[in-house]
Amino acid sequence: MEQRIIEENAVRQHIYNILPHELLGDVLRIKNKGYRLVAISCTYKDGIELTYSFDKEFDFFHLRLNIDSEVEVESITSIYPYAFLYENEIKELFDVKINGISLDYKDSFYKIAKKAPFNIKKEDK
C-alpha cells in the first residue's frame, strides 16, 4: 500500500536551460498552464546560475539561466508579484543585475556589512 502511494505521488522534474531574452515568455507560458512559482535560487558555477522553480501537482519545472555577472535579467514580478522577495535577495547578495523589480529595495533588503557577500568571482577563488 505505501509503495503504491509513493508511486502515485511521484515527482516529475524538468530542467530547461534558457537564454535571458526567453525568460519572460517562458515564465508567462508556465503561469498560464497553472504552475506556481516556488523558488528562485542563485549560485556561482562558471558564472551565475539562476534557477526559477515552478510546481503544479508534483510536476516541477525549472528554468535555468547561466549568465556572466554583467548580463542583465528582467524581473518576473509582472507575472508573479511575490517574486520581488527572491529577486531583491539575489540582487543584493549575489549582485545579479535584475531590472524592473516591482518593489525594489535598492540594496537595503538586508542589513549586511559587505556588498554582495555571495558574489564569488573567479579572481576571488
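The values are calculated or read from the model by the stated rules, or taken from the named source; none is laboratory data. Keep in mind that what you see is a predicted model, and the values were worked out from it rather than measured. Cβ placement follows ideal geometry from the backbone for every residue including glycine, while neighbour counts extend to all protein chains displayed.
Quick notes
- Answer residue from the range 52-83, given it is of a type in the set (Phe, Trp, Tyr) and modelled with pLDDT under 95 and is farthest from Asp95 (Cα to Cα) among those: Phe58
- Positions within the range 48-80 being under 15 Å from Asn17 (Cα atoms), exposed (fewer than 15 other Cβ atoms within 10 Å of the Cβ) and free of Cβ contacts under 8 Å to residues at least 24 places away in the same chain, in sequence order: Asp68
- Test: residue in the range 92-102 that is in a helix (DSSP H, G or I) and either over 13 Å from the mean Cα position of the chain (by Cα) or at pLDDT 95 or above (or both): yes
- Every condition in (1) under 19 Å from Ser102 (Cβ atoms); (2) of a type in the set (Ser, Thr, Tyr); (3) in contact with a Cys (Cβ under 9 Å, 6 or more places away or on another chain) holds for Thr51 except the one numbered (1).
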